[in-house]
Amino acid sequence: MGTFTGSFKGFGVTFAHMFRKVVTTDYPFTPPTPAPRYHGRHILNRHPDGLEKCIGCELCAWACPADAIYVEGANNTDEERYSPGERYAGIYQINYARCIFCGLCIEACPTRSLTMSNEYELARDSRQDLIFTKKELLAPLLPGMEQPPHPMRLGGTDKDYYLGALDNPGTSVGAERAPWSESGTEDAATAVDADARPETAGTLRRPGQSAKEAV
Amino acid sequence: MTDVAKKTDTVTLTIDGIEVTAEKGELVIRVAERMGIAIPRFCDHPLLAPAGACRQCLVDIEGQRKPVASCTQTVAEGMVVKTQLTSEVAAKAQGGVMELLLANHPLDCPTCDKGGECPLQNQAMTNGRADSRFKEHKREYEKPIHISSQVLLDRERCILCQRCTRFSEEIAGDKFIDLMDRSSGEQINVYRDDFFGGEGTGDGQAGDGEGDVPFNSYFSGNTIQICPVGALTGEQYRFRARPFDLVSTPTACEHCAAGCSMRADHRRGKVLRRLAGDDPAVNEEWNCDKGRWGFQYQTADDRIMTPLLRDARTGELREASWSEALLAAAEGLTAARGNGGVGVLAGGRLTVEDAYAYAKFARLALGTNDIDFRARPLSAEEADFLAASVAGVSDVTYEDVENAPSAVIVGLEPEDECPILFLRLRKGHTRKKLQVTAVAPFLSRGFEKLGAALVPATPGDEARLLAGDPAVAAALAAPGALLIVGERLATVPGALSAAAALGARTGARLAWVPRRAGDRGAIDAGCLPNLLPGGRPVSDPAARAEISLAWDTEAGKLPTAPGRDTDAIVAAAAAGQLGGLLVAGVDPSDLADPRLAEQALDAAGFVVSLELRHSAVTRRADVVLPVAPAAEKSGTYLNWEGRLRSFETVLPTTAMTDGRVLEAIAALIPSNHPAAAQETTKGISLGTGDVMAIRRELGTMPPTRSARSVAPAVAATALPGTGEHEAVLATWRQAIDQGSLLEGDDVLAGTARPPVVRISRALAAGLGVIDGDAVTVATDRGAITLPAEVTRELPPHVVWLPTNSPGSTIGRSLGVTAGAVVRLTAGRPGPVLASSEVTA
Ligand code: SF4
Ligand code: SF4
Ligand code: SF4
Ligand code: SF4
Ligand code: FES
C-alpha cells in the first residue's frame, strides 16, 4: 500500500507542475530578452557625425579586473581624424575569453564611448574569435553618420563634441537596447524585427519557422 | 651639565614635533624628505636651484606670519616647522594653491601622456579638494605646438613651475625656452618672431617663422622627464602606452662613452621609451637626446633576423639555417686562416664581454693579432698610447672633473662627443671653480657654454701646443688639474705623445675620452693589435704566458708578433694579402678612407659579418650572422672613466650575442696548433657563449705582472702649407648626425644642428662670402657644399665641417681626415666636381 500511495505522491509533483508557468525557454529558437541593464557584449559608440567616441585613453583597460582590454592610442591628424581631439584608439580589443562582464570598464570610460549591450550570445569556436576588435565593437553607422576618418563636422574643436554630447549623444543613449546591438554591431539598424535577426552561433531556427512561431 | 661642544655646521630644528639635526643651509623640504615626511611639490628638484615658483610646498613655521615655501626656506636653529600633517594652516594653504593650479588646468588626463605617473594628478588626489569652486571659462591655448621636431608643448597643461627653463638654463646652458608674456597670459615658449613684433607664421610650429628658434638642445628630453605635468611630451612616445602597460628595466646607454644609466620601458616586446637613470656618480639624473630617443634601430625594417649566405650560383645573399651558416663561416675562416690570415675589425660598439670574445677568437681560432676595434682614423702612435696610458687605468672620474680647478681639453668637443661629460664640466664651471681651456680651432657652442679660454689650434698643430704653449702649461699647473684628450688626437702625429709627456711633466691627470660606448672596454678586452686582454702587451712573453694559462692553452700557441691595425688590415685586404675579414658592427664610411675599406671588403677572399642591420659590409659579406642589439642581451660597457656599466637584458629574445655566435663558429674550426694536428675534428672551445661565464672568466683573471709599456715619443710634424683659397680641414662628429644607430630616425634628426661650413674671416674675405652663402670644400676626390658661417676665432687658414652630417660626409665625399689641406670656392661646384658631390 505504502508503495502505491507513495508513487501517487511522486506523480503529484509532476501533475502539479503541468499547471504551473513554464520556466523552460525555447532557446536557441526563441532567445529570451534579458533585463534592460543586463551586462552583455560591449559597444564602442559614435558621435552623431560618425566620429568615434573612444579616445584611446586606456582607462577601461586600467579598470578591468580581468585584464581583458587592450588599447593602443594613436595620434589624430587633420588629414586623418577618427575622433575629436588629439588621440584615438589605434588598436582596441576586448578578449571575451577573459571578460567577466563586471562593467567596471563602462564606469571608467570618460567619454561614454564604451557601453554594454544586452547581447549574450558570445560563444565562438576559437579563442582567436573571442578577441573582438574595433571592427566588431564599433557601433554601426546610423543615418547621417559618415565613416571616419573625416574632419569634425559638429564644431571646430573637441569641446563642441563633449559639451554637445548631453543633448546629442550619438549612439550612446539606448545602446543597450538598440536593435543593432542585439545582433552584433556590424549589422546596421536594418535588422529590426526578430526574423531578420541574423543567426549567431547556436541560434539556428527550425527550418521554415519564424521567431514568433517558436514561442 | 657637561659642556658638549656643539658642531657649528649643524642646526637642530623640529618638524612635525620631531627633533632633527640638519646641516646648515639645508632646505626644509629636504630635511623633511629624509625623515620620511612628504611635502607636496612641483618646482622643487634636487639638482636645480630653488625657485619657489609653484607654492605647493607651503608649510607653517612658527613665528612666521604666513605659510612659507619649504623648498626655498633653509633650516635655522630652533626652527619649529609644521607640515600639512600637523598644521591646519599648512594643509589649507596647500589645498588653496592646488585649487588655483587646477583652475586653469584642462581636463586632459584621459588623453595626456603623463596620466598615471603625473605628480599633479597624484598630489591633487592626496592634497587637493574633492571639487572645484571654479566655474568660469578656463584659459585656452592652441593645443600642442611643436617646439622642436621631437618636443611638444601644451601650454594649457603647464603649471609654470619653470623646471624646464631652469634645466635648460642652469644645466644644459641652452636657453631656448623661457617664460614669455605677463599675467594670466604668462607661458613657456620658444623665442618667436611674433613675440618681438615680427610676423611669425602663427601656425604654432617653431622653426617655421623667420626668427623662430626651435628647442634644438641636445638635452631637451630631460625637460620632458622632469616636467611635473604633461605640458612637455615627446613625439616618439606620444600616446603609445600608459605607465601600467610598461615593464621597466634598468639598463645602460649603448651610444657614447659617457656611460649613462638608463631605464628602458617596454610593452609587448617593443621598447617604447627610455629615460635617464639616476646615477649620481655618472649621469646624475640626466642624459642626452641621442641616448633617450636613439633606439629605433632595434626595430628598423632592415634588421637582420636570419643568417644569410652568399649563394655560390647566383652570387646573391640568401637566407640560411644557423647550422649551415655557421659551418660555412667556420670553413671559410679556416681556409682563409691558412691563406694569408684573417683580419678582425671589432668596431667600437661591443660590450666588454663581446669584445673579449673577439679578442679570444682572433688569438685562439684565427691565430692572429690582426684585430682592432678602432673604426675611425687612427695611428700606430695611438695604439702605443692606449697601451701605455689608458688600458686598465681609471684615474679620473666625473667627480674629479666637477671638482677640478682647471681642465685642458684637446681633440674633443665635449658637448658633441661626450654630452654627459659636458654637463659635468658645465656643473664644475657654473657651480664650482672649474676653468676650462680648449685647445681647439674655435670656441664651439659647447665650449662657449663652458666659459672656456681658447688656445687656437690649427688641426695638426696640437702636438706643438701641448709641448710648448705657455697657456696650456699654466692651466695645468694647479694641483688637481686635468688634461682631457679626445680620440681625434690620434690623427695628429706626436699629439698623444706630447699629452702623455705633458701629464707626466705637470702632474696633471690624463683622461682619454673616446666617442663610442664600446671603445674603452675593447681596449681592456684586448681588441688591439698590440694588447692582449687586461692591457697585457703582445710582445711580452710573460704576458702571453699569463693569457695562455688563463685560456688553458699551451704556452707558445698564442701569436707572438703584434698584428695589423685597422688601416693596415684594410690596406692588406685591399692588396689581396688577407685571406678573409671578420667584421663586427663597423661602417666603412667611418674609416679613414671609406672607398679603400670597401675595396678591401671586395678584395678579401672571405668576409664574415656579424651585424644588426644591412650595411655596406653585409652587402659584401659571404656570411652574415645576425646578433642581438643592446636591449636584447646583457653586457657591460666601460665608460671613459673606466667605470663598469653592466646591464641586463631588457627584452628576452632568441637573438644571440656576438660572443655566443663566435663560440659556435670556433667550435667548428679545427685547432691549427701542430700538437692538435692529429685530432683535427675537435673544434676550439672558446667559452664565450654565456655572458656570466665571460664575466667569471674576466673576474678570475689575475692582474698582469708584466710591465706597462712606455708611452710613445713620436715627434710632431710641421703643418702643411696652404695656398690661396686653401685651408686646413678641422672636423668632428656632431652628437646627432648620420651615425648608423640613428639612421632612419627622422624625428630625432630634426633636432640636429644644421650642418654649416665654418670659415675664418680671412678666408671669407678672400672668397667674398658672408654668412649663409654657399661655399664648396673640395679635394681631388669630391666636394661638399654647405652654407658658410664665418667664425671669428678660427685661425686664418682653417675650415670646419661636420664629419658625418647630412650633406657633409668627410670620409666618403672628400676622402681625407682632419688636418688635410682642402680647396675652397664660393658657390656651388662647377660641372667637374658636381658629379662627385654626394648630397648638397
Ligand atoms: S566588463 Fe569587466 S571584465 Fe569585462 S572588459 Fe569590462 S572591466 Fe573587464
Ligand atoms: S573606451 Fe573609453 S575608457 Fe576605453 S579607451 Fe576608449 S575612451 Fe578610454
Ligand atoms: S612646461 Fe612643464 S616643466 Fe616647464 S614650466 Fe610648464 S609645467 Fe613646468
Ligand atoms: S650622453 Fe652618451 S651615454 Fe649618455 S645618453 Fe647620451 S649617448 Fe647615451
Ligand atoms: S616646490 Fe616649493 S614652491 Fe614649488
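The values are calculated or read from the model by the stated rules, or taken from the named source; none is laboratory data. Quantities reported herein were computed from a predicted structural model and do not represent experimental measurements. Glycine also receives a Cβ, built like all others from the backbone with ideal geometry; neighbour counts cover every protein chain displayed. The accessibility values were calculated without ligands, DNA or RNA, using every heavy atom of the protein model including side chains. Shrake-Rupley method; radii C 1.70, N 1.55, O 1.52, S 1.80 Å.
Tabulated results
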read-out	value
From B:Leu496, B:Leu549, B:Leu489, B:Leu476, residue being within 32 Å of the chain's Cα centre (by Cα) and farther than 29 Å from B:Pro588 by Cα	B:Leu476
Among residues of segment B:540-577, those that are touching a residue at least 24 places away in the same chain (Cβ under 8 Å) and closer than 19 Å to B:Met701 by Cα, counted	11
Hits in segment A:80-112 (condition: in a loop (DSSP other than H, G, I, E, B), more than 10 Å from every other protein chain (Cβ to nearest Cβ) and either touching a residue at least 60 places away in the same chain (Cβ under 8 Å) or aliphatic (A, V, I, L, M) (or both))	A:Glu80, A:Arg81, A:Tyr82, A:Pro84, A:Ala97, A:Ile100, A:Phe101, A:Cys102, A:Gly103, A:Arg112
Subset of segment B:271-286 that is within 20 Å of B:Ser740 (Cα to Cα) and more than 14 Å from chain A (Cβ to nearest Cβ) - its residue that is nearest to ligand 3 (Cβ to nearest atom)	B:Arg274
Sole exception among (1) at negative phi; (2) more than 16 Å from the chain's Cα centre (by Cα); (3) more than 11 Å from ligand 1 (Cβ to nearest atom) for A:Tyr70, by number	(3)
Which listed residue is at pLDDT below 95 and closer than 19 Å to B:Leu102 by Cβ, from B:Arg182, B:Arg163, B:Arg157, B:Arg133	B:Arg133
Tabulated pairs, segment B:221-239, first more than 14 Å from chain A (Cβ to nearest Cβ), second among the hydroxyl-bearing types (Ser, Thr, Tyr) and part of a helix (DSSP H, G or I), C-beta under 9 angstrom, 6+ apart or interchain	B:Asn222/B:Ser168; B:Thr223/B:Thr165; B:Thr223/B:Ser168; B:Leu232/B:Ser220; B:Leu232/B:Thr223
Residue that is farthest from the other protein chains (Cβ to nearest Cβ) [pool: residues in segment B:6-44 that are of a type outside the set (A, V, I, L, M, F, W, C) and within 16 Å of ligand 3 (Cβ to nearest atom)]	B:Asp44
Hits in segment B:351-372 - residues which are assigned to a loop (DSSP other than H, G, I, E, B) and either open to solvent by 10 Å² or more (accessible area, probe 1.4 Å) or closer than 13 Å to B:Pro533 by Cα (or both)	B:Gly367, B:Thr368, B:Asn369, B:Asp370
The one condition in (1) within 16 Å of ligand 5 (Cβ to nearest atom); (2) open to solvent by less than 30 Å² (accessible area, probe 1.4 Å) that B:Leu153 fails to fulfil	(1)
Among the candidates A:Glu136, A:Glu72, residue that is away from ligand 3 (no atom under 16 Å from the Cβ) and within 14 Å of chain B (Cβ to nearest Cβ)	A:Glu72
Residue in segment A:8-30 that is out of contact with any Ser or Thr (no Cβ under 6 Å at 6 or more places or on another chain), surrounded by fewer than 22 Cβ atoms within 10 Å (Cβ to Cβ) and within 25 Å of A:Val173 (Cα to Cα) present	no
Only listed residue being within 16 Å of ligand 1 (Cβ to nearest atom), within 27 Å of A:Pro143 (Cβ to Cβ) and not basic (Lys, Arg), chosen from A:Ile55, A:Ile106	A:Ile106
